[in-house]
Amino acid sequence: MKKCVLVYNPESGRRKTKLNKSSLIQIAKKYDYQLLFEKTKRSGGATKIFENLRNDVDLAISVGGDGTFHEAMVGNLRRKNKLLISHLPQGTVNDVGRMYGMSKNVEKNLEFILSGSKKNIDTCIINGEPFVYVACFGNFVNVSFDTPRDLKRRFGKFGYIIYALKNHIRKVRQYHIKYIVDGVAEEGDFSFVFITNTNHVAGVTNIYDDVKLDDGLFEVVLCRAKSIPEIATLVTTILATNNKKLKNVVYFKTNNLILEFDKIQKESWCVDGEELKHHTNRFVFSVNKEVNMLVPNKNVEKLFEEKIEK
């Protein structure tokens, strides 16, 4: 029997995560897995657990929000022998889980995963640190990691909106950035930077219609919007038309990007919904290809270039 470790964050989501362990154990047995459980006890706990799991583990699954999966990925990439991983969404927004076609039903999602396909996935890297699906910088991005847990628990994803409206109605700031793509340098003033490897960000689906999670590339958006009304118009247009050639947007795909700000900025990056502090004005992005993931078959044909492994 194969060994599967389920690492869960009991504090994720609008309601604390409670698992029906006996039901999950029976589901795992159907697929010849012995299911073991590990509970995180503090922020960063999933990273330590994944980093220190034994090499005889056949599959390691994180349960929680996108931040929990981020921690799992960080821990896995610190290992010499990388684990086959997966993720069960139980957070507030669950961009990663929704991208793969999952709900918050842990039992059904475990069935989907264990009957799914092993896929090699791109892991994006910022200054040596991995992120699963999004790294962003600019106005209001701190809402994701500054919104109090109690507000998220009481109102779900609307808690982010409440916090943003209460604390962030202010003038839009622009940052002077030089961006170097495959050795070619350009520069300009931008209010937002998004580096993504997903078609689902902040609860919004199909931001891009051609995302592939194994093509060795990530998507980059640099936005020049100067006011809140301009930002609202831009977002509405992008969501309505999927237009990558808007006047105030620079869009491209790459696996070799350097961003250089004219000075060190006090604001943090938002990486997979969590805060990434820094002490530099230079950020190097690349793609790591060391991680394999067991994913539901539902959206595989859409999200991956390689065909399903039988």
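Across Asp209, Asp272, the residue with the most accessible area heads the list, and the full order at a 1.4 Å probe is Asp209, Asp272. Each Lys and Arg Cβ is given +1 and each Asp and Glu Cβ -1; about its Cα centre, the stretch 1-123 then shows a dipole of about 280 debye.
Full extension of the chain between Asp210 and Ser43 yields a length gain of 56.7 nm, computed as 0.36 nm times the residue separation minus the alpha carbon distance. Label separation (Gln174 vs Glu111): 5.4 nm, computed from points 7 Å beyond Cα along the C-beta direction. Less than 11 Å Cβ to Cβ from Ile121, Lys/Arg counted +1 and Asp/Glu -1: what total charge do the surrounding residues give? Local charge sum for Ile121: -1.
Take the residue pairs Lys178/Lys263; Lys247/Lys302; Lys2/Lys118; Lys226/Lys247; Lys3/Lys118; Lys119/Lys289 and return only those whose Cα atoms are more than 18 Å apart.
From Lys178/Lys263; Lys247/Lys302; Lys2/Lys118; Lys226/Lys247; Lys3/Lys118; Lys119/Lys289, over 18 Å: Lys247/Lys302.
Against the criterion of solvent-accessible heavy-atom surface with a 1.4 angstrom probe, Arg54, Arg79, Arg173, Arg282 sort, most first, into Arg54, Arg282, Arg173, Arg79.
Segment Asn20..Phe252, full-extension length gain: 79.1 nm, with 0.36 nm per residue of separation and the alpha-carbon distance subtracted.
The values are calculated or read from the model by the stated rules, or taken from the named source; none is laboratory data. Keep in mind that what you see is a predicted model, and the values were worked out from it rather than measured. A quick note on method: Cβ atoms are made from the backbone with ideal geometry, for glycine too, and the neighbour counts reach across all protein chains shown. We work out accessible area using only protein heavy atoms, side chains counted, and drop any ligands, DNA or RNA first. Shrake-Rupley method; radii C 1.70, N 1.55, O 1.52, S 1.80 Å.
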